[in-house]
Structure formats: structure tokens, C-alpha cells
1. Looking only at the stretch 34-64, count how many residues are acidic (Asp, Glu) and either surrounded by 18 or more Cβ atoms within 10 Å (Cβ to Cβ) or more than 21 Å from Ala24 (Cβ to Cβ) (or both).
2. Would you mind telling me which numbered condition in (1) surrounded by fewer than 17 Cβ atoms within 10 Å (Cβ to Cβ); (2) part of a helix (DSSP H, G or I); (3) touching a residue at least 24 places away in the same chain (Cβ under 8 Å); (4) not hydroxyl-bearing (Ser, Thr, Tyr) Gln369 fails?
3. For a quick check of your reading of the model, give me the residue pairs whose first member lies in the stretch 344-356 and is more than 9 Å from Gly427 (Cα to Cα), whose second is outside any helix (DSSP H, G or I) and of a type in the set (Asp, Glu), with beta-carbon atoms closer than 9 Å and at least 6 apart or on different chains.
4. Part of a strand (DSSP E or B) and either touching a residue at least 24 places away in the same chain (Cβ under 8 Å) or buried (at least 17 other Cβ atoms within 10 Å of the Cβ) (or both): does that describe Leu439?
5. Report the residue count in the stretch 286-312 for those that are touching a Ser or Thr at 6+ places or on another chain (Cβ under 6 Å) and farther than 20 Å from Asp129 by Cα.
6. Looking at the stretch 48-106 only, could you name the residues that are in a helix (DSSP H, G or I) and charged (D, E, K, R)?
7. Of these, Asp456, Asp492, Asp448, Asp462, which one is in contact with a helix residue (DSSP H, G or I) (Cβ under 7 Å, 6 or more places away or on another chain), surrounded by fewer than 22 Cβ atoms within 10 Å (Cβ to Cβ) and either more than 18 Å from Trp363 (Cβ to Cβ) or of a type outside the set (S, T, N, Q) (or both)?
8. Out of (1) among the aliphatic types (A, V, I, L, M); (2) buried (at least 24 other Cβ atoms within 10 Å of the Cβ); (3) out of contact with any strand residue (DSSP E or B) (no Cβ under 6 Å at 6 or more places or on another chain), what's the single condition that is false for Leu158?
Amino acid sequence: MDLNINDALDRVIANPYASHCWIALRRAVGAEWTAQARDDVVQRLAEAVRQPGLPQFYKAMVLDVLTGDPQWLCEAAATLAVMQPQDADRMAVFFNAAWQRSLLHAVNRTDFTARLGTLGLPRLASHIDAAVSAQPPAPQPEPAPKDPARPIRRVAVLAAQLLDPGHPPTRMALDMVEVLTALGYETHLFSANDAQAPDSEHLLGNGVTPTLVETELVGWLRTMPATTQVHSCNPAYSVRRRCHDVLAKLDEFNPDGLVFVGLYSPVVALARRRWPLLGMATSSIAPMVWSDVWLTAQAHLHGQYASTWGGSQPPQLAFYYPFRRYGDPARRAGRAGAGAGVGSRIRILTVGNVLTSRIGGEWAMRMVQLLLDYPQVHWHLLGGKGILPPVLASLPPERIQATPHVTDMTPHWNDCDVYINPPGMGGGLAVAEAMDAGLPVVTFSNTDGGDKVGADAVDSLDEYFALCVALVTDAPQRNMLGRRLAQRFDQDIDLARAAPHLRQAMELAVHRFHSRPD
């Protein structure tokens with residue numbers, strides 16, 4: 001084994017409670033990481049690091065990064081759930097990293113939900129709630145008496161995270177504010193940004209160092225009424241302090257209802273006794289918080305009570321609300337006379353910020369074969385840093401290109417014939433924009449993208465590539481599917497139609513709040 005790795009192992013074994021030693025081990029591995037070195041490190045750590053609590057957590061987190069074996073993330077989650085004292089910052093950062101990993105690797109909604117359950121994230125969320133709620137930094141006012149006759153005039157939107165309008169979960173929260181404002185409600189936007197925490201690389205011990213990002217919404221605010229305010233916490237402070245700061249701001253605003261946008265935030269546990277709560281996850285599942293009503297994009301769930309997360313939350317009432325994106329006339333107008341192929345050339349497009357992670361396996365191999373079988377096809381990958389996934393490196397540059405993230409997608413929608421969404425849960429908002437542009441879309445069912453296209457989603461790889469072949473070889477079929485999906489966007493996805501439905505959902509949440517047993 002490399003001397004640097006051996007030395008880093010010695011330091012970890014001598015001081016397994018020190019995060020900097022574990023980070024040094026992870027960095028020492030570097031280019032020396034071979035299968036034999038991996039096995040040697042795993043065996044030595046298994047024999048020498050047996051202390052419960054933090055050493056076991058750090059060991060699991062480092063081995064998770066170094067081996068890619070999902071068992072280590074599960075072991076880290078189980079260890080964290082019983083560690084004492086419970087650190088809200090550490091739990092919140094782990095929760096965010098774990099659910100994002102699950103989202104990245106899940107093949108569909110069923111798999112995503114199962115992964116979150118296997119990691120014990122619903123139970124961990126309850127531990128974070130307890131840690132944040134314990135010993136508030138200042139006396140908390142009692143909830144105002146319930147008044148069923150009180151009309152809805154002010155609504156607070158609580159986002160799990162606020163970055164900038166180009167960040168899809170942030171965009172969903174901003175769109176929610178815009179729809180509520182169109183209903184005539186005075187609407188303020190709040191976020192504790194509890195997905196981030198200072199010193200997260202030391203909290204997790206794995207040396208992964210995400211940059212703390214503050215909210216940047218100045219440009220968006222200029223488009224909103226002067227009454228609209230944003231209260232977003234600096235992620236450099238503790239999660240507990242930020243959650244209580246947001247609660248204090250909510251008390252000052254004293255809304256008639258609260259809309260939560262995201263998977264989870266401990267602020268909800270602090271706020272739920274005070275205000276009616278309407279929830280909407282940024283993925284097509286129930287949010288992992290207690291809500292009076294949750295907004296689902298799946299029509300068959302409307303009116304049903306379900307407890308997606310087991311005993312951690314009581315059953316929630318689902319309300320069908322498929323609206324997720326505002327239509328942009330420039331997208332569809334720009335495609336008049338465009339996107340019909342240049343000569344025999346067919347241009348397919350895929351958009352995403354983590355395509356290097358999403359593109360792989362059998363699907364990627366079959367995409368390569370599709371391009372080899374049909375020389376007229378050109379594939380454009382757009383998003384992130386514009387890096388071509390390694391599995392596609394063998395394709396000649398005239399057949400494929402990778403472009404970094406851009407703020408104006410309109411020219412790219414116009415210069416496209418078919419939109420393809422890779423396997424997995426993500427990509428739903430890009431699918432919606434492609435539909436708005438009048439493009440035919442290929443995507444899997446039981447996913448965010450599949451919810452958007454409805455019956456036109458496919459169930460298997462064979463169906464997926466059969467549709468790809470049909471669309472790259474048959475212009476009338478491309479046009480027919482593009483028109484059908486554009487109509488579906490106009491009817492079911494365009495937020496311009498959302499206001500009356502959101503009003504109904506908000507009123508239902510208020511009614512259920514006043515019907516809660518005290």
C-alpha cells in the first residue's frame with residue numbers, strides 16, 4: 001500500500017474522533033486508489049476503528065466516498081440517528097446530502113421513495129425537528145387562537161432552500177409566490193436555507209466541501225409588488241438559529257396560511273401549530289413534513305389520504321395540482337420554421353446540471369448505438385460545466401457536443417427536433433419547457449418527467465429506444481407528438497392556469513387546520 005495512505009491510516013487510527021484525520025485519509029488516496037488498496041483500507045479500518053458514535057460515522061462517510069458502496073451511507077445514517085448529543089447541523093447536512101444522492105441514482109419515484117426509507121431519512125427528520133425545537137433561544141409566543149372565519153389575505157411561502165432563479169427548486173418557490181400574488185394575497189418568501197451548514201466537510205468527515213451560497217434574488221424582486229419581501233438566512237449560522245430566526249419573522253408577518261416548497265425543513269415543525277400548511281415537494285412525492293394538504297402532480301391521488309413516510313407523519317390529504325412552469329410564447333413562436341431538421345440532420349437535446357452523473361449504464365450504451373445507427377442524428381448536452389460524460393467520449397465531435405449552463409434556453413429549444421430525458425427522477429422542469437416549445441419528448445413513466453407527459457411516457461428501455469427511432473426517422477410522428485404535448489402543457493402544466501386551483505387548495509388547507517384536534 002502507498003506510504004501516504006498508510007500514514008493517513010495511522011493518523012485516523014490514532015485519533016478517530018478528528019475529522020481532519022479522516023479528510024486527510026480521503027485525500028491521500030488520490031490516484032493510488034486501486035481495488036487492492038481499497039480492500040486493504042476497508043479491512044484495516046474494520047479491525048482498528050471500532051469505537052461507537054462519531055468514529056463509526058466518519059468511517060462510514062469516508063468509505064462511502066472511496067468505495068461507492070451504498071451500504072456505507074446506510075451505516076452512516078443508522079449511526080447518526082443514535083449518536084448523542086444530537087447535532088442539528090450535522091444531521092441537516094447529512095439529510096441533504098443523502099436525499100440528493102438518492103435523487104441522483106433513483107431510477108424512478110418508487111425507487112426514490114424506497115431509498116429515502118432505507119436510509120431512515122423520515123426518522124432522521126424527526127430527530128432534526130427535536131434538536132431544533134429543544135430549548136428555543138427566546139420565549140416562543142403562543143399560537144394565536146384559531147378563527148375559522150378569518151379570510152386569507154396574507155400567505156407565507158417557505159422554501160427549503162433559496163439560491164437564484166436558475167436553481168430549479170428556487171424557481172418553483174418563486175413561481176409559487178407569483179401565483180399567490182396573482183390571487184391578490186400579500187405574499188412573503190422565507191427560507192432558513194437549512195440544507196447548508198458551516199464546516200460541513202468536518203461535520204461529515206469526508207472532505208466534500210460544498211460552497212456556502214447566499215440568496216440572490218434582487219433582479220426577481222424588481223418584478224414583484226413592493227409589498228413582496230424575502231427573508232432568507234445566511235447559511236454561515238447554525239441551522240437551529242436560522243430556523244428560529246425564520247419563525248420570528250413568520251410571527252411578525254402572521255400569515256393566514258403557509259405554503260412549504262421542498263422535501264423537508266425543520267422550520268415546519270416549529271410553525272405547524274401556528275398556521276395552516278400547504279406542502280409541495282420539488283420532486284413528485286409527498287413532502288417529508290406534516291401538512292394539512294399536499295400538492296401532487298398525480299391525478300389518481302387526488303382526495304386520498306396517504307402516509308408516504310410511515311409513522312413519522314400522519315396521513316396527508318393529496319390535492320391534484322400539476323402546474324409547474326409558466327409558458328413562454330418565445331419558446332413556441334421561435335420554433336415556427338425551426339427545429340424541422342437541417343436537410344436530413346436531426347437534432348436531439350438533453351438538459352441538466354448533473355448529466356455527467358446521470359448518463360451511464362445500458363441507457364448510455366444504447367444512445368451511442370442510436371447515433372451510430374442513424375448518422376443524421378446530432379446530440380446536444382446542455383447544462384452544468386459542459387463536460388462530456390466519459391461513456392460518450394468515443395463519439396466524434398461532429399455527432400455530439402456539451403455546452404455549459406445558459407440563462408436563455410430559447411435559441412436551444414428552437415434549434416432542436418427531439419427532447420430526450422435520461423432515466424431517473426430528475427429533469428421534470430426541462431421536460432415541461434420542451435413541451436411548451438412544442439417538442440416531442442422521450443421520458444420514462446413514474447418520474448418527474450413522466451408525470452409531465454402522462455400517457456406518452458414509456459415504461460421500459462425497449463419502448464424508450466423504439467420511440468427514439470420513430471422520432472428521428474418520422475417527421476409526421478415528431479410533429480404529432482410535439483403538438484399533443486404542447487396541448488397538454490397548455491392544459492395541465494402552465495402556471496397561468498394555476499390560480500383558481502391553488503386558491504381551492506389553500507382554502508382546503510385552512511379548513512383542515514381549523515378541524516385539527518387541539
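1. So the count comes out to 1.
2. (3)
3. As it stands, the answer is Arg345/Asp417; Ile346/Asp417; Arg347/Asp415; Arg347/Asp417; Ile348/Asp417; Leu349/Asp415; Leu349/Asp417, since those pairs meet every condition given.
4. no
5. So the answer is 1.
6. Selection gives Lys59, Asp64, Glu75, Asp89, Arg90, Arg101.
7. Asp456
8. (3) is the only condition that Leu158 fails.
The values are calculated or read from the model by the stated rules, or taken from the named source; none is laboratory data. None of these values were measured; they are calculated from a predicted model. We place every Cβ from the backbone using ideal geometry, glycine too, and count neighbours over all the protein chains shown.
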